[in-house]
Amino acid sequence: MAAATPAVSWLPQNRPECANLFKNGEEIELFSSPNELLLLLTKQANNYELRNLQTIAARKTLLKMHTSRHRINQYHEWIDKNIAPTFYLP
């Protein structure tokens, strides 16, 4: 993503909301088992276009929703206006 590299990440069972940070299969690849990881890495390794498209899509979401500037503004609203941050995709 930020390093122009596609992201493959474990999805913790006790934190399903993490799946809403980026669009699975479009901006990131999420896995929940070693077998699933192997399949995703194989798919990524063999498909340059997929890697490139996911990286570009993830970077757009990253810049739109997940920069430190966004977080600072969200925390200010939380403190000043009691509006809790929304980190997830709409």
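Here, each number is a calculation from the coordinates, and none is a lab measurement. Quick caveat, the model's predicted, so the values are computed rather than measured. Neighbour counts are summed over all protein chains in view; Cβ atoms, including those assigned to glycine, are modelled from backbone coordinates with ideal geometry.
Could you give the length gained on full extension between Asn14 and Gln74, defined as 0.36 nm per residue of separation minus the Cα-Cα distance, in nm?
Fully extending the segment from Asn14 to Gln74 adds 19.2 nm.
On alpha carbon coordinates alone, what is the Rg over Rh value for the chain, Rh being the Kirkwood radius?
Rg/Rh for the chain comes to 1.05.
Relative contact order, percent, of the chain when contacts are C-alpha pairs under 8 Å separated by at least 6 residues?
33 percent
Within the stretch 14-44, list the residues whose amide N lies under 18 Å from a label point set 7 Å along Cα→Cβ of Arg59.
It comes to 22-23, 26-29, nothing else.
Sequence neighbours fewer than 8 away in the same chain don't count; with that in mind, list the lysines whose C-alpha is under 24 Å from Lys43.
Lys23, Lys60
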